[in-house]
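The values are calculated or read from the model by the stated rules, or taken from the named source; none is laboratory data. Bear in mind the structure is a predicted one, so any value in this text is a computation, not a measurement. All Cβ positions, even for glycine, are placed from backbone atoms using ideal geometry, and neighbour counts span all protein chains on display.
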Amino acid sequence: MSDHPTFGLFKTLQEKTLDAERQEIVDKRHSKGYRTARENLHDLCDAESFQEYGQLAVAAQRERRELEDLQKNTPADGVITGTATINQTLLPAADCRAAVIINDYTVLAGSQGFFHHQKLDRILEVAHQQQLPVVMYTEGGGGRPGDVDVKTQIAGLNVNSFIHWGRLHGIAPRIAINNGFCFAGNAALLGGADIAIATRSSCIGMAGPAMIEGGGLGSFAPTDIGPAQQLATNGTIDLLADDEAHATALAKQVLSYLQGEVAQASCAEQHLLREAMPENRRFSYKVRQVLQTIFDTDTVLELKHAYGKPVITSFARINGRAVGVMASNSRELGGAIDAEAADKMADFMELCDRFGLPIVSLCDTPGFMVGPDSENQAAVPRMSRLFTVGAKLSTPLIAIFLRKGYGLGAMAMAAGSFAKPVYSASWPTGEFGGMGLEGAVHLGFKKELAGAASAQERDALFDSLVDAAYQRGQATEAAAFLEIDAVIDPADTRAVIIRALASTTI
C-alpha cells in the first residue's frame, strides 16, 4: 500500500491540514496568546480517540483561486469535525463518546461557507442519531461571502445547521466554547448551547462591525461588541475562563457531570457545618463555604457567577454522583430572589431536568424581591415562571432549609411547593412563614403599633411581636405540623442528601 502512488498524494493532502505544514499561521496565532484549532482538539479529546470527518474539504472558491492555494489556506474549510472520547480517565469509555466541532479562525476568519455548513450538518446528524454530547469551539465571523462555486442558491439561507443544532435540545448536551471574536452565525450557535463558556478575550455578538455599520448603526471596533465581562454580567455566558486551556478544562469538567457517576468521593469534615450559621439571624454568611463542605472535594462548579447573584447555581458531586445545586446567597439582597435570579433558577432547573441531574436546593430566602424597581424588571412573569418550571420538573429535588423559608420565594426554591421535594429538611436555625417576620408584623399589627404611647414602647412591642412570630415559625414547629419532613443536625446534611438520592429512581 505504501508504494502505491496515490498513497503519497493522500498523505500530502492530509498533512496540509495539520499545524506542522502551516507554521507561519501557527506562529501568528501564538503571537496573540491563542492556541490553534488542532491544539484545542488535542487538549480536549482523549489521546488517539479522534475520528475526523471532512478533513480534505476546502472553501468552495475553486473558480477564483487555485486549488493548491485553497488546500494551503482553507484546510478543512475552516472547521474541524469528528467524534472522540472525552474524560476516559474518569469514566468508562462507553460513557465518554462525544462529537467535536472546532471552528478555525485562521481560515477565512472562521467564517461559515458552503462546505463548512455541510460538515456541521453531517456531524450534528451523527450526534443526533447516536445521542452524543457536542463540544463546539465557536470562534468565527459568521456567514461567508465569496464561495462563488455555489450556483444553486441566492441568499444561502436554506442551510440546516441551526436546525440540527437546535434539534439536539434535550437529546444531548451542547457545550460551546469561545475565544476571540464570535459574530453572527457563530454567535447564534454559542447562544443556543446548553452551556456557554467564553475566555476573557472573547467578544460575542449577533452582528460584527461590518454588519452594524452597513445597517447605519455606527462604526465600532470588534472589541466594542459583546465583551466577555459584560456578557458574564448579563447572563449570556455560564462560565468565564482565563484562556483557551482553562476553557477547555471547564468544558471537560462540565461534560463529566453529564456523563455519569465517578468513584472519587472525598469530602470536608461535616461537623464544620454546625458553625456555618451566625448566631444573629440578621447576619449573612458564606454559603459557598457551605457548598464546599457538603459536596465532594473540588467538585462544585458555579454557573453564571456574576448574574442573578441572590441565588447560586452550580454543578457538583456528592458521593460521586452528579447533581445540580441551587443555594440562596444571603450576601446579595439578603437572599431575596430578584428577576434575574428567577431567570437563572428557571433556566438551571430546566437544564438539570433535561439531563436527569437531581437538584439539591439550599434555601435561605426572605422571599421574592418586591417594590417598584423590581416590578420595572418584569418581575411578575419572570418570577411566576418558576412555578411552571417547578410543576413540570421530573428530576428529583431535595430541599434543605438553612435558615429563612418565607413566602413565594421559598416555595420557588422548593420547585413551587414544600410538597414537591422528594425530601425536605431544615437545620435547627430554620424559620418559616407566609412572608418575612418583620413585614408580617408591620402588616398584621399596624393598629397596635400605631397606638403605642411612645417610640420606645412601639419598638418594644414590635420586637416582642417579631420574637413571638419567630417562635411560632421555628423549624421544629414546621416539622411538627408536617410542612417539612425533618429537622436535622447540620453535620448530617450530606448523609441526608445521599440517603434521599438513594431512594430515587432516576
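Take the residues in the range 79-88 that are in a loop (DSSP other than H, G, I, E, B) and polar (S, T, N, Q); name whichever of them is surrounded by the fewest Cβ atoms within 10 Å (Cβ to Cβ). Taking the candidates together, the pick is GLN88.
Is the range 227-243 home to any residue that is without any contact (Cβ under 8 Å) to a residue 24 or more places away in the chain, closer than 26 Å to GLU39 by Cα and surrounded by fewer than 20 Cβ atoms within 10 Å (Cβ to Cβ)? For the range 227-243, residues without any contact (Cβ under 8 Å) to a residue 24 or more places away in the chain, closer than 26 Å to GLU39 by Cα and surrounded by fewer than 20 Cβ atoms within 10 Å (Cβ to Cβ): absent. If you go through the range 331-349 and keep only what is over 26 Å from THR504 (Cβ atoms) and outside any helix (DSSP H, G or I), you end up with ARG331, GLU332, ALA336, ASP338. The one condition from (1) farther than 30 Å from ALA265 by Cβ; (2) surrounded by 11 or more Cβ atoms within 10 Å (Cβ to Cβ) that ASP95 does not meet is (1). Of the residues making up the range 116-143, those that are within 26 Å of SER202 (Cα to Cα) and in contact with a strand residue (DSSP E or B) (Cβ under 6 Å, 6 or more places away or on another chain) number 14. Scanning the range 344-367 for residues that are under 13 Å from LYS304 (Cβ atoms), of a type in the set (D, E, K, R) and surrounded by 20 or more Cβ atoms within 10 Å (Cβ to Cβ) yields one hit, LYS344. Looking across the range 1-36, just one residue is in a loop (DSSP other than H, G, I, E, B), in contact (Cβ under 8 Å) with a residue 60 or more places away in the chain and of a type in the set (Val, Ile, Thr), and that is THR36.
For (1) buried (at least 20 other Cβ atoms within 10 Å of the Cβ); (2) part of a helix (DSSP H, G or I), each residue gets a yes or a no:
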{"residue": "ARG38", "(1), (2)": "yes, yes"}
{"residue": "ASP43", "(1), (2)": "no, yes"}
{"residue": "ARG62", "(1), (2)": "no, no"}
{"residue": "LYS72", "(1), (2)": "no, yes"}
{"residue": "ASP77", "(1), (2)": "yes, yes"}
{"residue": "LEU90", "(1), (2)": "no, no"}
{"residue": "VAL100", "(1), (2)": "yes, no"}
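Does GLN229 satisfy being out of contact with any Cys (no Cβ under 9 Å at 6 or more places or on another chain) and either at pLDDT 95 or above or not assigned by TED's automatic domain parsing to the domain that holds SER314 (or both)? So GLN229 fits the description; yes.
Taking the range 303-330 as the range and being assigned to a strand (DSSP E or B) and over 25 Å from VAL262 (Cα atoms) as the test, the residues that pass are VAL311, SER328. Residues that are closer than 23 Å to GLN230 by Cα and modelled with pLDDT under 95 do not occur anywhere in the range 193-204.
Across the range 102-125, which residue is surrounded by the fewest Cβ atoms within 10 Å (Cβ to Cβ) among those that are in contact (Cβ under 8 Å) with a residue 60 or more places away in the chain and farther than 22 Å from ILE197 by Cα? Step by step, filter the range 102-125, then rank; the result is ARG122. Entry remark, the range 368-397: residues being at pLDDT below 95 and surrounded by 22 or more Cβ atoms within 10 Å (Cβ to Cβ) number 1 in total.
A quick yes/no check of all residues on (1) farther than 25 Å from ARG144 by Cβ; (2) assigned by TED's automatic domain parsing to the domain that holds VAL135; (3) of a type in the set (Val, Ile, Thr); (4) touching a Phe, Trp or Tyr at 6+ places or on another chain (Cβ under 9 Å):
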residue	(1), (2), (3), (4)
THR12	yes, yes, yes, no
ALA20	yes, yes, no, no
ARG35	no, yes, no, no
GLU39	no, yes, no, no
CYS45	yes, yes, no, no
SER49	yes, yes, no, no
GLU52	no, yes, no, no
GLN55	no, yes, no, no
VAL58	no, yes, yes, yes
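Within the range 399-432, the set of residues being within 16 Å of GLY367 (Cα to Cα) and among the polar types (S, T, N, Q) comprises SER417 only. Candidates in the range 277-320 are the residues that are under 18 Å from LEU255 (Cα atoms) and among the acidic types (Asp, Glu); of these, the one that is surrounded by the most Cβ atoms within 10 Å (Cβ to Cβ) is ASP296. Between ILE175, ILE225, which is in contact with an Asp or Glu (Cβ under 9 Å, 6 or more places away or on another chain) and of a type in the set (Val, Ile, Thr)? Of ILE175, ILE225, the one residue that is in contact with an Asp or Glu (Cβ under 9 Å, 6 or more places away or on another chain) and of a type in the set (Val, Ile, Thr) is ILE175.
Candidates are the residues of the range 414-425 that are touching a residue at least 40 places away in the same chain (Cβ under 8 Å) and out of contact with any Leu (no Cβ under 8 Å at 6 or more places or on another chain); the one that is surrounded by the most Cβ atoms within 10 Å (Cβ to Cβ) is SER424.
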